[in-house]
Amino acid sequence: MQDIKLNSNYKSKYGFNVKEDFVFKTPKGLNEDIVSQISAMKHEPEWMRELRLKAYSIFLSKPNPTWGGDLSKINYDDIYYYLKPADKEEKSWDDVPQGVKDTFERLGIPQAEREHLAGVKAQFDSEVIYGSLMAELEEQGVIFLGTDDALKKYPEIFEQYFGTVIPAADNKFAALNTAVWSGGSFVYIPKGIHVKRPLQAYFRINAMNMGQFERTLIIADEGSYAHYVEGCTAPVYSKDSLHSAVVEVIVKPGARFRYTTIQNWSNDVYNLVTKRARVEKNGVMEWVDGNLGSRLTMKYPSCYLVGEGAHGEVLSIAYAGKHQHQDAGAKMVHLAPNTSSTIISKSVSVLGGRSSYRGLVSVTPTANNAKCRVECDALILDAESASDTYPTMKIDNDTAQIEHEATVSKVGEEKLFYLMSRGLTEAEAMGLVVSGFIEPIVKELPLEYAVELNRLIELEMEGSVG
Amino acid sequence: MLLQINNLRVSIEDKEILKGITLKLGEGEVVALMGPNGSGKSTLAQTLMGNPAYTVTDGNALFDSQKLFSLEANERSNLGLFLSFQYPSEVTGVTISNFLRLIYNKKNNTKISPAKFRTILKEKLSILEMPEDFMSRYLNEGFSGGEKKRMEMLQMLVLEPKLAVLDETDSGLDIDALKIVAKAVSYLRQEKGMAVLIITHYTRVLQYLEPDKVVIMRKGIIVKEGDSSLAQELEDKGYAPFGE
C-alpha cells in the first residue's frame, strides 16, 4: 500500500500563504463598471457580460437571507471580486510560477497527481493556473477545462447549459456568483463514456479578503459515468473572507455522476455555496460533501429529479469547531414518477461549535411512487456545543414513501474510559469515536481524502481535549 | 509483588463502596475475588483501571512498583494492566481489525502493516475459535453477550498484559464458551506468566483456572482469604457463613 505523507502540524500545513503576485486585480467592492471590467478582462462574449450585469442587479435587489446563519458581518464593499494571477492557463508544470508551486507542494498536489490523478484543475485564486489532461481522457472525448477557457472553446454548449440549473435569480449568492464568477471547472462526459479515475480539482483562497466565486458546470451525457473530486484548504486570515461558488450538474438519461467535495476553510471564511443537479430519466446523481472549518457554511446540495426513475443521493459530514457554524443539509425535489432519493447527514460539534441539518424533501403530485430516506445523526462532544435539525417535508402525493430518522448522541465518559483502558490517550479515544461516527461517509471517499480527513480529525481532537 | 492494594476506600457520588481493602497479588499469581452482588468487586476492578466515575478517598495501590492512582487509564494499560469489562462499550464505525492493530501498535511502539498484523492475529483468533471475517465488524456493535466476552479476551491476547482483571467474564457463558475463555487466559499464563484477578460469583470458572488464593468480599470489605478449598466451601455453604 502507498504511504501518504502528512505534516503533523496543522498550522504550518494549512495556515500559510505565499506571496501574492497578481497580474490584475479589481478594486475592492462591486459596481457595474467592475462587473463589466471583469467580463472585458476575460474577453467574454457580449451575452455573458449582459448576464453578469443582470445578475448584479438581482444581487442588489435581494436582501441577505434571514434564516441559516448570521450573515450580518459580511461587508460586500470590503472584498476583492476578481484577481488574475497569471496571463493564461499553464500547459506544463514547469511553467507554473514558483509561489503557486510552493502552495501546491505543501498541499501535496504534485505527489497526488503522479500517483492518482486523471487530470488536475488546480484553482489558485480566481483562475485556473494549471491544468493537465491525460491522453486517455482526450481520447474518450472528455472535456475537462477551466470554466473561462471552456467559454472560449465551446461557446455553444456553454450557452446552452450555463445557468439553466441554477439561474441567477435563484438566491442572492447565486446572483453574486453569476455576476462575478471566475474559474471553476467545466466537464463534459460524452455519451456512454465511463471515466474510471476520478477527475480532481483543488481550490484555495490565497489573497487577503478576496472572494472566490468559482463556477462549475458539468454535463454527463446519456449513459456516461464519472466521479469529480475537489478538496479545499485555506490559509488563516483575521479578516472575513467570502467563498460563494455555484455548481451546476446535468445528468442526462441513464448517466451516473458523483461529485465529492472536502472543504476545510479557515475560520474567517463565509462559505455560501449553491450546488444543484438536474437528473433525467434513470440518471443517478451522488453528492458527497464534507464541510470542515469556515466561520459559517450554508450549503445544501440538491437534486431535481425530473426524469422517471431518477435517483439522487447526498452524503454529508459537517464538523463544527470553535466559533464555527455549519448549516448544511440537502434538497431532494421529486418531479417524476418512480424517483428515489437518499440523504445521509452526519454532524460533529465540538468546542462550542454549532451544526445544523437543514433539509427539504419535496414530492409533487406528478411524482407517483417516489421513495425518500433521510437519516441525520449528530454527535456532540462537549456541553458547550450544539446541534439542531430543520427537516422540511412537502409531500403532495399519497403514493410517496418517506422515511426520516434522526439521532443525537454524546460521547460518554464510559466509552472514553473503555478505549483509554486499551492504551489510547483521551484525544486518541475521542478521535476514534469521531472517525467511527463519520466512517459510513469517509469510506465513500478516495483513499487519500479519507486518510487526510481522519488525520484532520485527529489533529482537531488533540486541540480539543485537556 | 505485582499488585499491592493498601487500605483502599472508594466512593461513587459521595457513597462509599469500598471501605478499606488490602490485597496482594504476586507475579503470575491467580487470585479469585468472590462475593455476592453489591459487595464492591466491580468497583475495585473499575478503580484499579482508572474509571473517572470512582473517587479514591483513602489508601493507595502499587502496580509493578508504580503508584497506580496518579496515572490515567491509558498509562495503567501501558504498564501492563488489563481489565476485561463486564459491559464493554460499542464503538460504531471502528472495525475490530483496525482497532486491534491500533492498540497493538501503541502498546509495542511500532507501526506494523495490516497484512503483517493479520498474521499475528490469526493465531489469537484460533485460540478463541473466532472466524477471521469477524474482524471486519465494528467494535462490539450488535454483539451478543458471549461475543463481547470473547472480544475482551481477544484484546487481552493482543495486549499481553502482566495482570488481567476479569470482571465477571465467566457470567452468562455456556460451558463451551467458558472453556474458550479459560483457554485464552491459560495461554497467556503459560506463555507470558500473566497474573489474573478473577472476579466472579461462581466457582465454575475456577475448575478451569485454578486460583492460588481465594478472597471473599462483602459490603466493601474483605471478610475471608484462603486457598482454593475456600471456593469449594462457598459452593457448599453459600455466602451466609461469611456474612457480617
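The values are calculated or read from the model by the stated rules, or taken from the named source; none is laboratory data. Being a predicted model, the structure only gives us computed values, none of them experimental. Every residue, glycine as well, gets a Cβ built from its backbone with ideal geometry; the counts of neighbours run over all protein chains shown. When the accessible area is computed, the model is the full protein with side chains, heavy atoms only, and any ligands, DNA or RNA have been set aside. Shrake-Rupley method; radii C 1.70, N 1.55, O 1.52, S 1.80 Å.
Numbers below:
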| quantity | calculated |
| --- | --- |
| Charge-dipole axis of the range B:3-239 as Lys and Arg at +1 and Asp and Glu at -1 on Cβ define it, positive-most pick from B:GLY50, B:GLY35, B:VAL94 | B:VAL94 |
| Estimated buried accessible area (total), pair A and B, 1.4 Å, Å² to nearest 100 | 2100 |
| Loop-located GluC sites (Glu not before Pro) in the range B:61-138, at most 16 other Cβ atoms within 10 Å (DSSP) | B:GLU72, B:GLU90, B:GLU129 |
| Dipole axis of the range A:352-462 (+1 Lys, Arg; -1 Asp, Glu on Cβ), positive-most option in A:LEU453, A:THR425, A:GLN401 | A:GLN401 |
| Label point 7 Å beyond Cα of A:TYR390 along Cβ direction - residues of the range A:286-321 with amide nitrogen under 12 Å | A:298-300 |
| The range A:235-299 - percent relative contact order, Cα under 8 Å, separation 6 or more | 42 |
| Theoretical gain in end-to-end length, B:GLN66 to B:ASN109 [0.36 nm per residue, Cα-Cα removed] | 13.4 nm |
| Separation in nanometres of the label points that stand 7 Å from Cα toward Cβ, at B:LYS179 and B:GLU132 | 2.5 |
| Most fluctuating residue given options B:ASN108, B:ASN51, B:ASN140, as computed from a GNM of chain B linking Cα atoms under 10 Å | B:ASN108 |
| Subset of A:LYS42/A:LYS191; A:LYS415/B:LYS107; A:LYS25/A:LYS152 violating a 23 Å alpha-carbon distance limit | A:LYS42/A:LYS191 |
| Sum of side-chain charges, A:SER36 neighbourhood, beta-carbon under 13 Å (Lys, Arg +1; Asp, Glu -1) | -1 |
| Residues with amide H under 5 Å from that of B:VAL223, placed H, sequence gap 5 or more | B:ILE216, B:MET217, B:ARG218 |
| Backbone HN-Hα couplings from phi across the range A:173-187 [Karplus 6.51/-1.76/1.60, Hz, Gly and Pro as x] | 7, 5, 5, 4, 4, 4, 6, 10, 3, 7, x, x, 10, 10, 10 |
| Share of carbon and sulfur in the accessible heavy-atom surface of chain B [1.4 Å probe, %] | 44 |
| Other protein chain Cβ atoms within 10 Å, averaged over every residue that makes up A:430-437 | 4 |
| Largest to smallest accessible area among B:ILE199, B:ILE175, A:ILE143 [probe 1.4 Å] | B:ILE175, A:ILE143, B:ILE199 |
| Accessible surface ranking that places the most exposed of B:ASP236, B:ASP58 first, with a 1.4 angstrom probe | B:ASP236, B:ASP58 |
| Prolate/oblate/rounded label for the protein assembly as shown (Cα gyration tensor, a/c 1.5) | prolate |
| Relative contact order computed over the range B:3-239 (Cα-Cα under 8 Å; 6+ residues apart), in percent | 29 |
| Heavy atoms of A:ASP78 accessible to a 1.4 Å probe, total area in Å² rounded to 10 | 50 |
| ³J(HN,Hα), Karplus 6.51/-1.76/1.60, whole Hz, each residue of the range A:379-396, x for Gly, Pro | 10, 10, 8, 8, 6, 7, 8, 9, 9, 9, 10, 10, x, 10, 10, 10, 10, 10 |
| Solvent-accessible heavy-atom area per residue, rounded to whole Å², over the range B:102-229 at 1.4 Å | 45 |
| Too-long pairs where the Cα-Cα distance tops 30 Å, listed order kept, from A:LYS73/A:LYS346; B:LYS124/B:LYS224; B:LYS15/B:LYS106; A:LYS443/B:LYS106; A:LYS252/A:LYS331; A:LYS73/A:LYS394 | B:LYS124/B:LYS224; B:LYS15/B:LYS106; A:LYS73/A:LYS394 |
| Formal net charge of residues neighbouring B:VAL214 (Cβ-Cβ distance under 10 Å; K, R +1; D, E -1) | -2 |
| Neighbourhood charge, 13 Å Cβ-Cβ cut-off, centred on B:GLY59 and excluding it, Lys, Arg +1 and Asp, Glu -1 | +1 |
| Qualifying trypsin sites (Lys or Arg not before Pro) in the range A:138-196, DSSP loop, other Cβ atoms within 10 Å at most 15 | A:LYS191, A:LYS196 |
| Under-5 Å amide H pairs with A:GLY290, H placed in peptide plane, nonlocal only | A:THR261, A:ILE262, A:GLN263, A:ILE317 |
| Whole-Hz ³J(HN,Hα) from phi, Karplus 6.51 cos²θ - 1.76 cosθ + 1.60, for the range B:178-190, glycine and proline x | 4, 4, 5, 4, 4, 5, 5, 5, 4, 4, 6, 5, 5 |
| A:TYR304 accessible area, assembled protein chains, probe 1.4 Å, Å² | 60 |
| Shielding by partners, peptide B:72-78 (average Cβ within 10 angstrom, other chains) | 6 |
| Within the range A:282-347, trypsin sites (Lys or Arg not before Pro) in DSSP loop having at most 14 other beta-carbon neighbours inside 10 Å | A:LYS322 |
| Farthest positive-ward along the protein assembly as shown dipole, Cα basis, beta-carbon charges - from A:VAL165, B:LEU173, B:MET1 | B:MET1 |
| Accessible surface, 1.4 Å probe, highest first, among residues A:HIS334, A:HIS194 | A:HIS194, A:HIS334 |
| Zero-based 10 Å bins, Cα pair distances in chain B, whole percents | 7, 31, 37, 20, 5, 0 |
